[in-house]
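The structure appears below as structure tokens.
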Amino acid sequence: MGVHSCRVRARSNATAPLTRRLMSFAVVGGDAMGLRQAVVGVLRTGARSGATRRAIALRASASRSSPTLASTRAPSRRDHRVSLFARAAARPLSTFAASADVDVADPAAVAAANDAAAEQGLVVRAIKEAKKNGEATKEQVDAEVAKLLELKKVAADLENPVSEATQDAKKDAEGQRAGAKQTQDVGVTPKSEDFSRWYLDVIRECELADYGPARGTMVIRPYGYALWEGIQKWMDARFKETGVENAYFPQLIPYSFITKEASHVEGFAPELAVVTQGGGKELEEPLVVRPTSETIVNHMFSQWIQSYRDLPMLLNQWANVHRWEMRTRPFIRTLEFLWQEGHTAHATGAEAEAKAIEMVNVYAEFAEDVAAMPVIVGRKSAVESFAGANRTYTIEAMMGDRRALQAGTSHNLGRNFAEAFDTQFLDETGTKQYVHQSSWGVSTRLIGGIIMTHGDDAGLRLPPRLAPVQVVVVPIAQKNKDKESVAAAAGDIVAALAAAGVRVKLDDDSRNSPGWKFNHWEMKGVPVRIEVGPKDVAKGACVVARRDKPGKEGKEFGVPAEPAALVAKIETVLDEVQAALLAEARAFRDANIVDVSSYDELKAAIADGKWARGGWEGSDEQEKEIKEETGATIRCFPFEQPAGPHACLMTGAPAAEVCIFAKSY
């Protein structure tokens, strides 16, 4: 039985030089289980005792049972082709679980476990080299590999302390990827039964996305990507109406760019993926895989902007970004996601402020008019603002489990990045001035928001203005003699609707029954279904069914199939479905916002799963204390403020504004 010593090195979350704090412990016994128990013990005590801003790295040293390993120098971290840094978050860690019963990962413990596994990986590489030179045995290699696998399992368990339902859902997905036979029933778990499982089931069964082979990544399937294309189409046209042009900036950003703006590097350092080698050679300077583009955009702005005649500069790019998140959830937060990011430069602060507000209102317009997702538009608190911004504006939506979703943000960057990158221009008097800037973005997170806002026990419910398929036509012929006439009538309906610009699909697949088709398209959220049978053909009519109203309530029989009349009818029904989804979501949200006047009332509202609205003049420290105790954060100070006077819910002092506290994704 060996004794293995380890040291815990605590590192600050700031840039170099790093402060260090050492803590030693011993693992008694050379077996993997003993190592696992000791590591977990240290993570639960030592890691959690430090400040939440610290990242903890655990280095496993050589075992006494492996004497040759102690004298073998492990390869440097620089030997890695890609270095991926995921230190404990400097900004508040968001919760990715989709139900309140899911535990939140301890960021320091997760970081410690990941670093421990990384360090043990170096040990394994070293002892393998030693074995090649005849300085270590196969048994010693196997022992170190077993420790590495156990450390990886510890890290995975700490990183994803999810509910049993979510674990089951993940196993289902893994089984599908491996081609394993599924013994359990397929379908969608009722939303009212398990919201977390329901969300994952909808994504899987509706073929919106799947897990990627790398942990935390997502493959967006065609139906899901069609939703993103709909978002892109509307947004892109709307941006261009405001004078914005599209451009594209490199995905790889010099690391020195990230460090130029102090609060920016502090905010994003925990999430960076960093490339250190390329073409088999070590890079002179590490390259960051784009987490956002403010830095590289400003580098180019400093070259393109010379005079007031170059302003305003209004650019947008559609791109992917990478953020090394602790916990991931499809569409809501993944290591890589798709988004648009707008970047503008202006001569005055007033212009930059106006642009930031204009664009958050554009996002609100899309959310309500297209996605039928009611949002509260407002200003973020200083604690919750974007790293490097003077002010951050947001649209906040309530999901079906009453958690908040930040669905889009817009930032007034002031002159912070301009000063860091020396982005100046000559004004009309010939005086050099720094530009004032805004940046703004939405992402594929909107798709997750649409799922969780409108979905029901049967699956998706898509707003007609965004649905890839607005109408599905299902012919029903029970006898061979009816097939031709029914098929012809269904084809005429499809042609008439398509000619009118309706996104329509004909499901004439004879392999599936009409009932199966009804359930399938209901699950996929198609807003309207048209049924055509022999009796309908004889009457020159059809049946129209609405997705938002289940059963007979949503069915209308004897609808004339004459092209002009049918097109008018379907357009009216689509508008009604769009309005009904928005009204239903707004009523649900408003019923779950509680006005509070004290901290006790806030705690009661949050414990009941509701949003708490009340006056606020508290400090940043008090805001953080509320998050620690309740899990709720300030979502925003709404633009639309209720009539005063207001009193701070924490101190009772007069408050200029009310804010909204809620648990969020």
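The values are calculated or read from the model by the stated rules, or taken from the named source; none is laboratory data. All figures in this text were calculated on a predicted structure; none of them were measured in a lab. Quick reminder, even Gly has a Cβ in these numbers, built from the backbone with ideal geometry, and neighbours come from all protein chains shown. All accessible areas refer to the heavy atoms of the entire protein, side chains included, with ligands and DNA or RNA removed. Shrake-Rupley method; radii C 1.70, N 1.55, O 1.52, S 1.80 Å.
Residues of the range 267-288 include none that is closer than 23 Å to L315 by Cβ, at pLDDT below 90, outside any helix (DSSP H, G or I) and open to solvent by less than 30 Å² (accessible area, probe 1.4 Å).
Of all residues in the range 454-487, those satisfying the criterion of being open to solvent by 20 Å² or more (accessible area, probe 1.4 Å), touching a residue at least 12 places away in the same chain (Cβ under 8 Å) and not in a loop (DSSP other than H, G, I, E, B) are D456, P475, D482, S485, A487.
V435 meets all of the listed conditions (1) surrounded by fewer than 24 Cβ atoms within 10 Å (Cβ to Cβ); (2) in contact with a strand residue (DSSP E or B) (Cβ under 8 Å, 6 or more places away or on another chain) but one, namely (1).
For the range 225-248, give me each residue that is buried (at least 20 other Cβ atoms within 10 Å of the Cβ) and in contact with a Phe, Trp or Tyr (Cβ under 8 Å, 6 or more places away or on another chain). Those that are buried (at least 20 other Cβ atoms within 10 Å of the Cβ) and in contact with a Phe, Trp or Tyr (Cβ under 8 Å, 6 or more places away or on another chain): I231, M235.
Does I634 satisfy the condition of being touching a Ser or Thr at 6+ places or on another chain (Cβ under 7 Å), in contact (Cβ under 8 Å) with a residue 60 or more places away in the chain, under 17 Å from A404 (Cα atoms) and not aromatic (F, W, Y)? Against the criterion (touching a Ser or Thr at 6+ places or on another chain (Cβ under 7 Å), in contact (Cβ under 8 Å) with a residue 60 or more places away in the chain, under 17 Å from A404 (Cα atoms) and not aromatic (F, W, Y)), I634 qualifies. In the set (1) touching a helix residue (DSSP H, G or I) at 6+ places or on another chain (Cβ under 7 Å); (2) surrounded by fewer than 23 Cβ atoms within 10 Å (Cβ to Cβ); (3) at pLDDT 95 or above, A319 fails one condition alone, (1). Beta carbons closer than 7 Å, at least 6 apart along the sequence or on distinct chains, pair a first residue in the range 180-207 that is at pLDDT 95 or above with a second that is acidic (D, E) and open to solvent by less than 50 Å² (accessible area, probe 1.4 Å) for F195/D401. Quick check, is A420 touching an Asp or Glu at 6+ places or on another chain (Cβ under 7 Å) and of a type in the set (A, V, I, L, M)? Yes. Taking the numbered list (1) over 26 Å from T189 (Cα atoms); (2) open to solvent by 40 Å² or more (accessible area, probe 1.4 Å); (3) touching an Asp or Glu at 6+ places or on another chain (Cβ under 7 Å) in turn, Q406 passes all entries but (1). Answer yes or no: is there a residue in the range 425-437 that is among the hydroxyl-bearing types (S, T, Y) and in a loop (DSSP other than H, G, I, E, B). For the range 425-437, residues among the hydroxyl-bearing types (S, T, Y) and in a loop (DSSP other than H, G, I, E, B): present.
At pLDDT 75 or above, of a type outside the set (S, T, Y), open to solvent by 10 Å² or more (accessible area, probe 1.4 Å) and not in a helix (DSSP H, G or I): is that true of A118 in this structure? So that I can check it myself, show each step before the final result.
On the way: at pLDDT 75 or above: yes; of a type outside the set (S, T, Y): yes; open to solvent by 10 Å² or more (accessible area, probe 1.4 Å): yes; not in a helix (DSSP H, G or I): no.
Against the criterion (at pLDDT 75 or above, of a type outside the set (S, T, Y), open to solvent by 10 Å² or more (accessible area, probe 1.4 Å) and not in a helix (DSSP H, G or I)), A118 does not qualify.
Applying the selection to the range 299-310, what residues are touching a residue at least 40 places away in the same chain (Cβ under 8 Å) and part of a helix (DSSP H, G or I)? Show your work before the answer.
Start the filter on the range 299-310 by keeping residues that are touching a residue at least 40 places away in the same chain (Cβ under 8 Å), which leaves 299-302, 305-308, 310.
Matches in the range 299-310: H299, M300, F301, S302, Y308, D310.
Among the residues of the range 311-360, the one identified as within 24 Å of E428 (Cβ to Cβ), of a type in the set (S, T, N, Q) and in a loop (DSSP other than H, G, I, E, B) is T348. If you go through the range 361-382 and keep only what is open to solvent by less than 20 Å² (accessible area, probe 1.4 Å), of a type outside the set (V, I, T), on the phi < 0 side of the Ramachandran plot and assigned to a loop (DSSP other than H, G, I, E, B), you end up with A371, M373, P374, K380, S381. Condition check for M398 on (1) in contact (Cβ under 8 Å) with a residue 40 or more places away in the chain; (2) crowded, with 19+ Cβ neighbours inside 10 Å; (3) more than 30 Å from D457 (Cβ to Cβ): one failure, at (3).
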